[in-house]
Amino acid sequence: MDMVKGFTDTVVNGLLPQFKSELEYAYIISMVLLAVNSAERSWHKENIFLSFHRTLLFVNGAALVMAICLGESPVAQLADMGMITTSLVVWWIALFAPFDVLNKALDFKVADVKPVLLLLVIMTSLRQLVAASAAVDASLVKYPGSLVAVLLGTIGGGGTYAVAGVFGDFARQISSETVTKNAFIASLLVSLSKIFFPTCMCANMVLTVCILLILPLNVSPHCC
């Protein structure tokens, strides 16, 4: 058991934090592409400012919903200049770069596998699971012992579909039933381990199990 705990601690506390920036970049790319694909390219090019503002909302959508639920400033979530700059660069490449280089890179195939797209899916999925766990932690700090951590973890992990009844079409546009289900499962298991079994069950172990179970499900459609 100590060996397993040591392995999971190394993964969650050692390995994943080393790639935090890369995982965030992958997430931004995924959400920018989701925003770009939400309308015809002609609309984006005819409404450049609206298009970029929509992109920023897509990239920050889960964080905005989380901020509202936690009683924090939603505007503060949009103030990160690093995020704005990265989103702007990816948005411009996706819409205006010559030869449609981004989509061609994502569509590049080796045998039946698109390696660039596969890597993007893996990194984005990892980021969502880590974000769900972090949102659970943030919730338990503010509301100790409360199972509201499951809801906030689900939202933080990109599962805004869960609150579409409150936040409407926007919550649906930036998420999906699959993403929401995965975020819910991870948030539920991590929350239960932290609230009810803090001494006998390691939350890092639970998160690692979630990664090992959920990640292959997200990756498998892109492997054939």
inquiry  = To test your reading of the geometry: what angle, between 0 and 90 degrees and rounded to tens, separates the Cα axis of helix 20-36 from the longest principal axis of the chain?
reply    = 50
query = Using 0.36 nm per residue, how much length does the chain from Val11 to Glu40 gain when fully extended, once their Cα-Cα distance is taken away?
reply = 6.4 nm
inquiry  = Rounded to the nearest percent, how much of the accessible area of the chain (1.4 Å probe, protein heavy atoms only) is carbon and sulfur?
reply    = 69
inquiry  = Report, in listed order, any pair from Lys109/Lys181; Lys5/Lys194; Lys114/Lys181; Lys114/Lys194 with a Cα-Cα distance greater than 27 Å.
reply    = Lys109/Lys181; Lys114/Lys194
request  = Kindly provide the Kirkwood hydrodynamic radius of the chain in Å, to one decimal, from all pairs of distinct alpha carbon atoms.
outcome  = 18.3
inquiry  = Suppose the chain between Leu50 and Ala111 were pulled fully straight at 0.36 nm per residue; how much longer would it get relative to their current alpha carbon spacing?
reply    = 18.1 nm
query = So how tilted is helix 203-219 from the main axis of the chain? Cα-based, degrees 0 to 90, rounded to 10.
reply = 40
ask   = If one puts a single equal scatterer on every Cα of the range 121-224 and applies the Debye formula without solvent, what log₁₀ I(q)/I(0) results at q = 0.24 Å⁻¹?
value = -1.22
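The values are calculated or read from the model by the stated rules, or taken from the named source; none is laboratory data. The structure displayed is predicted, hence computed values, not measured ones. Surface areas here come from the heavy atoms of the whole protein model, side chains and all, with no ligands, DNA or RNA. Shrake-Rupley method; radii C 1.70, N 1.55, O 1.52, S 1.80 Å.
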